[in-house]
1. Is it true that GLY156 is in contact with a Ser or Thr (Cβ under 9 Å, 6 or more places away or on another chain), away from ligand 1 (no atom under 14 Å from the Cβ) and not in a strand (DSSP E or B)?
2. Run THR258 past the list (1) within 16 Å of ligand 2 (Cβ to nearest atom); (2) out of contact with any Gly (no Cβ under 7 Å at 6 or more places or on another chain); (3) of a type in the set (Ser, Thr, Tyr); (4) at pLDDT 95 or above and report the number of the one that doesn't hold.
3. What's the number of the condition SER129 fails, among (1) assigned to a loop (DSSP other than H, G, I, E, B); (2) within 12 Å of ligand 1 (Cβ to nearest atom); (3) open to solvent by 10 Å² or more (accessible area, probe 1.4 Å)?
4. Among the residues that make up the range 263-279, is at least one of them open to solvent by 90 Å² or more (accessible area, probe 1.4 Å), modelled with pLDDT of 95 or more and farther than 28 Å from PHE45 by Cα?
5. For residues that are modelled with pLDDT under 80 and of a type in the set (Lys, Arg), scanning just the range 199-239, find the one that is farthest from ligand 1 (Cβ to nearest atom).
6. Is there a residue in the range 229-239 that is out of contact with any Ser or Thr (no Cβ under 9 Å at 6 or more places or on another chain), over 27 Å from GLY166 (Cα atoms), surrounded by 17 or more Cβ atoms within 10 Å (Cβ to Cβ) and polar (S, T, N, Q)?
7. Can ASN253 be described as at pLDDT below 90, open to solvent by less than 40 Å² (accessible area, probe 1.4 Å) and within 29 Å of VAL139 (Cβ to Cβ)?
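The values are calculated or read from the model by the stated rules, or taken from the named source; none is laboratory data. In this text the structure is predicted, and so the values were computed from the model without any measurement. Note that we place each Cβ from the backbone using ideal geometry, even for glycine, and neighbour counts take in every protein chain shown. Note: accessible area is taken over every heavy atom of the protein model, side chains too, but ligands, DNA and RNA are not part of it. Shrake-Rupley method; radii C 1.70, N 1.55, O 1.52, S 1.80 Å.
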Amino acid sequence: MKTNNSSIKKSIHLLKKNECVGIPTETVYGLAANAYSSKAILKVFKLKRRPRTNPLIVHYHDIKFLKNDCYLNNRFMKLYKLFCPGPITFILKKKPNSNISKFVTNNKKTLAVRFPKHRTTRLLLKNISFPLAAPSANVSTSISPVTKKDVLEEFGSKIKYVIDGGKTKVGLESTIIDVTGRPKILRVGGLDLRTINKSLKLNLNYNFKNKYKAPGQSKLHYSPGIPIILNVKKPKKFSAYILISKRRYNNKNYFYLTKNRNLNEAGQNLYKILRNIKRKKYKLIEVENIPNQGLGLTINDRLKRASYK
Ligand code: AMP
Ligand code: MG
């Protein structure tokens, strides 16, 4: 191994023993396990309390190993060269002789793959001979983790080890695009849809009630367990009010995702603020109008799911 980084060594040791490890990525922290080992993958489902019908995303360092598991096509290669490593997940056709555990895909003929951007996780991936299945490191339907502390809050002593990679840079899950045929967006995420459209010269769109969805996209997701009302101009006194622009007067129930409508910054702060509001035991969340474009589309999607009753 080229690196002497002790966190990587420790992670490799555990992953080889079919244990789960918390890993930082640019989107959110992942709960990683050897994607070739059914024993390891079943531990991920158990720890997350995730339904087995919801398949996992598999993380690779680059396309060298991916070729063993999937068929690559031109559309994929174009997007890969432009945006990877980065916050985009591809649905590809799986090779029948691939070693990916059947529990990863829930027996599907397709595989979700991603190339995460975090330096430590890339070093980790470079030094193992198997890809990592890694859903977000939170209990199913709970708030996605953006720091090591969040992961520990989710799993406590049930998780053997979490690599500390600081706060995640994008803070929202990856954008999922199905490239097995005509490209389809299955989930909006950290990569702006407009950027994808521009590069493919397409007009892909997405709305909350999209017909094509990733199988596990339950309406209730990313949920702080508190009712959320969107597009509120005047908040109630007792609610937690989420804002993206600075107000003249500040109340202690105001929670800023950004003070100058910077949607990248808003995305980075979304899950941290939802967790903070939950900790403070607010009974209602109200949200200022957030424009439905770019990362605003993703932020609104997550808030709608979190508010679904
Ligand atoms: P998470 O890792 O928790 O952010 O969730 C991963 C998402 O990827 C879920 O919504 C899955 O349904 C989706 N996904 C994983 N594998 C596939 C696949 N083969 N086809 C479509 N969606 C998938
Ligand atoms: Mg998740």
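1. So GLY156 does not fit the description; no.
2. Unmet for THR258, out of (1) within 16 Å of ligand 2 (Cβ to nearest atom); (2) out of contact with any Gly (no Cβ under 7 Å at 6 or more places or on another chain); (3) of a type in the set (Ser, Thr, Tyr); (4) at pLDDT 95 or above: (1).
3. (2)
4. Kept after step one, since they are open to solvent by 90 Å² or more (accessible area, probe 1.4 Å), are these residues of the range 263-279: 264, 272, 278-279.
Applying the additional criterion that residues be modelled with pLDDT of 95 or more yields 264, 272.
Subsequent filtering for residues that are farther than 28 Å from PHE45 by Cα retains 264.
So far as the range 263-279 goes, yes, one or more of its residues are open to solvent by 90 Å² or more (accessible area, probe 1.4 Å), modelled with pLDDT of 95 or more and farther than 28 Å from PHE45 by Cα.
5. By that ranking, first place goes to LYS209.
6. yes
7. In short, no.
Rundown of residues vs (1) of a type in the set (Ser, Thr, Tyr); (2) touching a strand residue (DSSP E or B) at 6+ places or on another chain (Cβ under 8 Å), yes/no style:
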{"residue": "PRO145", "(1), (2)": "no, yes"}
{"residue": "GLY156", "(1), (2)": "no, no"}
{"residue": "THR168", "(1), (2)": "yes, no"}
{"residue": "LEU204", "(1), (2)": "no, yes"}
